[in-house]
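Nothing in this text is a laboratory measurement; each read-out follows from the coordinates by a stated rule. What you are looking at is a predicted structure, and each value in this text was computed from that prediction instead of being measured. Methodologically, a virtual Cβ is constructed for each residue, glycine included, from the backbone with ideal geometry; neighbour enumeration extends over all protein chains shown.
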Amino acid sequence: MSEIVLRHVSKTYDNGYHAIHDVDLTVREGEFMVVVGPSGCGKSTLLRMVAGLESISDGEVLIGGHVVNDFTPGERDLAMVFQNYALYPHMTVEKNIAYSLKLRKFPKSEIDRRVREAAEILSLTEYLGQRPGRLSGGQRQRVAMGRAIVREPKAFLMDEPLSNLDAKLRVQMRSEILQIQRRVGVATLYVTHDQVEAMTMGDRVTVLRAGVLQQCDTAQVLYDRPVNVFVASFVGSPSMNLLHATLSDDATRLRVGTQTLDVAGAGPRPRLASYAGREVIVGIRPEDLTLEGPGEVLSGHVGHIEALGSELIVHFGMDARNYVVEDKGGSAEEAEELLEETALTEHVRNVARVGPRSAIATGESISFRVNMERAHFFDATTGESIW
Amino acid sequence: MTTDNPPVATRRRRRGVDRTPWGTYALLAVFMVIFLFPVYYLFVGSFESPSQTLDGLRAAIPSSLTLANYHSLSQTFFSSTITGSLRGFYTVSTLVSALVVAGGLIVNSLAGYALARMQFRGRRFLLLLVIVLVIIPFEAIAVPLYYMLNGLRNTLIVQALPFVGSAFSIYLFYTFFLNLPPQLEEAARIDGAGPWRTFVQIILPNAKPAFASVAILSFIQIWSSYLWPLMMTSQPNVYPLSIAIGNLIKQQSTPNYGEMFAFGVLLVVPMAVFFVVFQRWFIRSVASLGVKG
């Protein structure tokens, strides 16, 4: 069994900075777990704590059922892929891949067999005699993967391994990494700030903010049922539209700026009734705004349009206040503070995705149909989802 | 497609951007002559007769060359008991330099690495101390050292000992290690390497420029050091080359500049050879330090 289990793990630096706050997380055997969050949220620190490169201030890390808090990185039997690959520049590809096996005193024949096998899987056979400096970014990435898989470790740790590659290669390497992980079948903890990478790669995705675990679930659940306004805004591209709104006293209508939406079609949300007469935040995904069809009407004016070929991304303004999530990294205390809000009445902060041949022009007034069934509601004070 | 605008390169040429900077070249040539002339004069002078050597600018263009200065020098320093021998001076200088360079590389690289990478109480203070020690000249501590090491006078070890640990070398290693990506060591730790193995197998091979720089600088310093061996040696069998050339000047009632020039060449050649061997990494190190500020 090679699960990675984090029990109430915290990290406080000597200067008092609280980087990780009471994280509970289990990466199941064979699972590809992605930890995602904005820069400075503590995701790399969390990974490094699992690797043994950072000490653990509180809590326990278990690998394969054993508490490894006091184990050195080498004793944890993990393999790690770094953002900058961290290949040994003075060694050939072959020696880079074989290094950990040599340290573990594997017989030479076994080292050769494993290195050849890994090189074949990663299409590196012809580069075995070269030094990393002569390889392209993608090839270096493969060598780093080779170094990881050759060990047959209990778990893989990957710290933003694709962020140094160009966009096209990144997409290609995503599927290569996934294929390798499926083939090797070990628990993998993968850290990225790219939510698209997280959503497309992770069996489950953990969203971290300022050292606090926000939500851990499949990509679809994160998208459809975010636990709070931060997850809702972080997951999905373009981001969810978030607007300040007030629920009517009978909780049937929602006032958004000067406009009113009927919430009867919003589906079963038992807790919504308790917000009658109170301010809430309403969240609408860009694809849930359409130009035709049934639904409530929301009007605005077109700011600018991005034509992507397959669709139009319409940026539009409304006479309603947008809710802005502060997504910068900060202390855990800050994370627990209320989410900041900013009045941006006149700014073009809303986004809709419409068909590529829709007749829309910049500066025009526009009316969207809102799929209220897919709308999200959040507590205006705590930012939590209302279901 | 046609255009009225000339190509960018042509326009630049017209404005004179690509013009050869002859003024700069001329200035650099003047500096080159100023710096290289003494070296040229030393070499040429060592192959001239004593009268020619001091013949003003004409000495720079010799009419005849001779090995007489080298010959008489080897005659002067043939006996190893009274005057010392050239072979003996070379042996002493080589052994002392080897001790300083080898010992210095080990001691100072480890100290620099510890300061750059390890977290321990007093690290900042030690770093500050190293920086302060860089600016203290050796002459300032020569007398206290003399009294501390007086019991070791006329030995090889005493000539090397004060120069093994060098604040400047530690600082040079420190700045180099600071710029090495820490992920290299972290990858090695995860691969199962301990701190010593990481240092020897991962850090050391990637720190060749720093090692070459320290080796060259400390070699030049110790090979040409004069004050300390003058204070600590009084027997010809432990004289290094620098003391021997000093003694040669003192011994001659009428200075023989030809011999002095020849001895100067003998002193300089090993330094030049050492520099040529390590210059590839040395220049890379200087270049990389320049880029990284």
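Worth a mention:
- Arranged from fewest to most other beta-carbon atoms within 10 Å of their beta carbon, B:Tyr239, B:Tyr146 become B:Tyr146, B:Tyr239.
- Computed over region A:238-379, the percent of Cα pairs more than 23 Å apart is 37.
- Of the DSSP H helices in chain B, those whose Cα atoms cover at least 27 Å axially and whose Kyte score averages 0.0 or more: B:22-46, B:86-117, B:257-292
- Pairs of alpha carbons in region B:42-92 whose separation is greater than 16 Å (percent): 49 percent
- Projecting the alpha carbon convex hull of region B:145-293 along each direction and taking the average yields 12.1 nm².
- Calculated mean residue ellipticity, 222 nm, chain A: -6500 deg cm²/dmol, from DSSP H runs (n ≥ 4) at -39500 (n - 2.57) each, averaged per residue and rounded to 500.
- Put in line by how crowded their Cβ is, counting other Cβ atoms within 10 Å and starting with the fewest, A:Thr188, B:Thr94, A:Thr206 read B:Thr94, A:Thr206, A:Thr188.
- Whether chain A is rounded, prolate or oblate, judged on the alpha carbon gyration tensor where a/c under 1.5 counts as rounded: prolate
- Shape of chain B, Cα gyration tensor, a/c cut at 1.5: oblate
- C-alpha center-to-center spacing [region B:128-167, region A:29-108] in angstrom: 45 Å
- Cross-link partners of A:Lys11 among aspartates and glutamates, defined as those whose alpha carbon lies under 16 angstrom from its own and excluding same-chain residues fewer than eight positions apart: A:Asp22, A:Asp24, A:Glu54, A:Asp58, A:Glu60, A:Asp70, A:Glu333, A:Glu334.
- Label-to-label distance for B:Val132 and B:Met118 is 2.2 nm, based on points extended 7 Å past Cα in the beta-carbon direction.
- Ascending count of other beta-carbon atoms within 10 Å, so fewest first, for B:Arg121, A:Arg147, A:Arg374: B:Arg121, A:Arg374, A:Arg147
- For region A:122-176, the spread of Cα coordinates along the three principal axes comes to 30, 26, 17 Å, biggest extent given first.
- Cα-derived Rg to Rh of region A:4-230, Kirkwood definition: 0.97
- Span-like helix check, chain A: qualifying full DSSP H segments, with Cα axial length of 24 Å or more and mean Kyte-Doolittle of -1.0 or more, are A:167-184.
- Cα convex hull of region B:131-205, projected area averaged across orientations, nm²: 7.0 nm²
- Summing Cβ point charges (Lys, Arg +1; Asp, Glu -1) relative to the Cα centre of region A:238-379 gives a dipole of roughly 540 debye.
- Rg(Cα) / (2.2 N^0.38 Å) computed for region A:1-138, rounded to two decimals: 1.23
- The mean number of Cβ atoms from other chains found within 10 Å of a Cβ in peptide A:145-151 is 1, as a whole number.
- Shielding of peptide B:197-203 by partners, expressed as the average count of other chain Cβ atoms within 10 Å per residue Cβ, is 2.
- For region A:1-55, a Kirkwood hydrodynamic radius built from all Cα pairs, placed in the Stokes-Einstein relation at 37 °C and 0.692 mPa s, yields a translational diffusion coefficient of 273 µm²/s.
- Rounded to the nearest 0.05, the FRET efficiency derived from the C-beta distance between B:Asn150 and B:Arg87 at R0 = 30 Å is 0.60.
- As a ratio to 2.2 N^0.38 Å, the alpha-carbon radius of gyration computed for the protein assembly as shown takes the value 1.39.
- For region B:176-260, with +1 on Lys and Arg beta carbons and -1 on Asp and Glu, the positive-most of B:Asn256, B:Leu204, B:Phe219 along the dipole: B:Asn256
- FRET efficiency, A:Ala359 to A:Thr252 (Cβ-Cβ, R0 51 Å, nearest 0.05): 0.90
- The modelled label-to-label distance between A:Val297 and A:Asn69, using points 7 Å beyond Cα along the C-beta direction, is 6.3 nm.
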